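Engineer: Got a structure for you, questions after.
The values are calculated or read from the model by the stated rules, or taken from the named source; none is laboratory data. If you're wondering where the values come from, they're calculated on a predicted model, not measured in any experiment. FYI the Cβ positions are ideal-geometry reconstructions off the backbone, even for glycines, and counts take in every protein chain you see. Just so you know, the surface numbers come from the protein's heavy atoms only, side chains and all, with ligands and any DNA or RNA stripped out. Shrake-Rupley method; radii C 1.70, N 1.55, O 1.52, S 1.80 Å.
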Amino acid sequence: MRLEPIVQSLLDTDLYKFNMDQVIFHKHTDLMGEYHFKCRSKGIVFTPEIVEEINAQIDHLCTLRFKKDELDYLRSIRFIKDDYVEFLRLYHPIRDYVDCHLEDNGELYLRVHGPLFSAMQFEIYLLEIVSEVYFRMAYDYEALRASALERLNAKIKDFQDGKYTFRFAEFGARRRLSREWEDEVVRRFAKETKNLVGTSNVYLAKKYHLIPIGTYAHEFVQMYQGIDSIPLAYTNAFALRDWYDEYRGDNGTALTDTLSTDLFLLDFDRAMSNNYNGVRHDSGDPYEWGEKIIAHYEKYGIDPKSKMLLFSDSLNDDKAQALFDFFKDRIRVSFGIGTFFSNDTMVDALNIVIKLQYVNGRPVAKLSDADGKTMCDDPEYEDYLRKAVAFRLEREKQKSK
């Protein structure tokens, strides 16, 4: 069985890939990165036929180049710079950077290794490929799509009827049912409701004249762990400064939980709190996190209503509406909703990730604010990192007494 090409444009990825890559292109071209795939869903078996199709799709991906109109679109985004767009004119995914095969236990082995500015671009493309190949080959795709359509119709009606009043961005590329289904979801929400503010998918933002939305991911903070001269517990500080230096506040939503929000807030000082538009939540109790962020702004005399909380952790309609109602009168609130819209069928979506594991041969890790989201290939390093974070937090606590 051969499917039609799944990734048909190099714009079919999340905006933050370009945002992060531009900083790396300008400041850290010497970094080498290694990414590992993990399926967190239990009991998933990848067959030889599925893995063969995944490899065929990767082969096709690596034939793609940016087209002139795509480069012109990227150039039209105010914070994407001309020299980076010219680099993308030369860029293409390199097949030798990707190793994909079936392990004896039925698990999918998928790793990317190469210069970080190139290796990092594979993540979303590969997740899109794995998810769509799996659901097209392991299930009756048309039955899945029919159940997705029924659920989408109900969701749109709820927004039209006023049951849900919050506004959101679509963040569903990485675990979508298929390319054509994410397209359908974005098209219909844009046309039939007033609640969609944009999408992280750059191709769909271009196609439907929506705002492309995204800043940076955990990997951006993690990569500083691989730079010898940077103390591990201060990587947030270097990431925040490099990001601000690149964008001067024009692309400013900070992600708080790479090494815990408590550590992040030590480096999110008065200047950074003023320089960034807001912060994004991706793990831990969202209500506790929101209260902590509001208190942090108030400590510096910053009006929380001038800032944004962006929630993006496994949201559905009800969770988002409850958060919106709770915080809306105290601070600006927005949401990034992914799998609940792009792959909500009678079968659970795959919980799949591709995470940065090594930079310049050194292990890196995300600790987050919740158990179960940590992914580190080196347990000894993870323990060392946790101790470094705990040491700094305790020292700052003692200093404040």
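Engineer: Computed FRET efficiency, Cβ-Cβ of Arg188 and Leu266, R0 60 Å: what is it to the nearest 0.05?
Structural biologist: 0.90
Engineer: Ignoring ligands, DNA and RNA, please state the percent of accessible area on the chain from carbon and sulfur, probe 1.4 Å.
Structural biologist: Heavy-atom surface of the chain belonging to carbon and sulfur, 1.4 Å probe: 49 percent.
Engineer: Straight-line reach from Lys163: which lysines fall under 25 Å, measuring Cα to Cα and dropping same-chain residues less than 8 apart?
Structural biologist: Filter leaves Lys155, Lys191, Lys194, Lys305, Lys319, Lys328.
Engineer: Please list the non-local residues whose amide H lies under 5 Å from the amide H of Met32, H modeled 1.01 Å from N, same-chain partners needing a gap of 5 or more.
Structural biologist: HN-HN under 5 Å from Met32: Leu116, Asn360.
Engineer: Over all distinct alpha-carbon pairs, what is the Kirkwood Rh of region 255-311 in angstrom?
Structural biologist: The Cα-based Kirkwood calculation yields 11.2 Å.
Engineer: Something else: So for Phe220, Phe79, what's the accessible-area order with a 1.4 Å probe, most first?
Structural biologist: The residues order as Phe79, Phe220, largest area first.
Engineer: Once you have the Cα-Cα distance between Lys42 and Ala146, take 0.36 nm times their residue separation minus that, and quote the gain in nm to one decimal.
Structural biologist: Answer, rounded to one decimal: 35.0 nm.
Engineer: Going by the alpha-carbon gyration tensor, a ≥ b ≥ c the square roots of its eigenvalues, is region 313-401 rounded (a/c under 1.5) or, if a/c is not under 1.5, prolate (a/b greater than b/c) versus oblate?
Structural biologist: In terms of gyration-tensor shape, oblate.
Engineer: For the chain, state what percent of all Cα-Cα pairs lands in each successive 20 Å bin, counting from 0 Å until the bin that includes the largest distance.
Structural biologist: 27, 61, 12, 0
Engineer: Quick one: of the DSSP bridges fully inside the chain, what percent are antiparallel, nearest 5?
Structural biologist: If we restrict to bridges inside the chain, about 50 percent are antiparallel.
Engineer: Once you order the gyration tensor axes a ≥ b ≥ c over the Cα atoms, which shape class does region 1-44 get: rounded for a/c under 1.5, otherwise prolate or oblate by comparing a/b with b/c?
Structural biologist: Judged from the Cα gyration tensor, region 1-44 comes out oblate (a/c at least 1.5, b/c at or above a/b).
Engineer: Would you mind putting 169-182, 285-298 in packing order, based on average other-beta-carbon counts within 10 Å, highest first?
Structural biologist: The most tightly packed comes first, giving 169-182, 285-298.
Engineer: May I pose another question? If you stretched the chain out fully between Lys292 and Lys401, how much longer would it get, using 0.36 nm times the residue separation minus the C-alpha to C-alpha distance?
Structural biologist: Gain on stretching Lys292 to Lys401: 37.3 nm.
Engineer: Averaged per residue, what accessible surface does region 64-130 expose to a 1.4 Å probe, in Å²?
Structural biologist: 45 Å²
Engineer: Residues of region 342-358 with amide nitrogen under 17 Å from the 7 Å Cα-to-Cβ point of Ala154?
Structural biologist: Taking a point 7 Å out along Cα→Cβ of Ala154, the residues of region 342-358 whose backbone N falls under 17 Å are 342-349.
Engineer: Residues with amide H under 5 Å of His281's amide H, sequence separation 5 or more or different chain, H placed in the peptide plane at 1.01 Å from N; which?
Structural biologist: Leu310, Phe311, Ser312
Engineer: Restricting to lysines 8 or more places apart or on different chains, can you count the pairs in region 1-93 with Cα atoms under 21 Å from each other?
Structural biologist: 8
Engineer: DSSP loop (so not H, G, I, E, B), at most 14 other Cβ within 10 Å: list which trypsin sites (Lys or Arg not before Pro) in region 186-258 pass both filters.
Structural biologist: Passing sites in region 186-258 are Lys194, Arg248.
Engineer: Not counting ligands, DNA or RNA, and with a 1.4 Å probe, what is Lys305's accessible surface area in Å² rounded to the nearest 10?
Structural biologist: Ignoring ligands and nucleic acids, Lys305 comes out at about 120 Å².
Engineer: Within the chain, which DSSP H helices have Cα atoms that stretch 24 Å or more along the helix axis and a mean Kyte-Doolittle hydropathy of at least -1.0?
Structural biologist: Correct list, ordered by number: 141-160.
Engineer: Based on the alpha-carbon gyration tensor of region 66-193 and its eigenvalue square roots a ≥ b ≥ c, which shape applies: rounded if a/c is under 1.5, prolate if not and a/b is larger than b/c, or oblate?
Structural biologist: Note, shape of region 66-193 comes out oblate.
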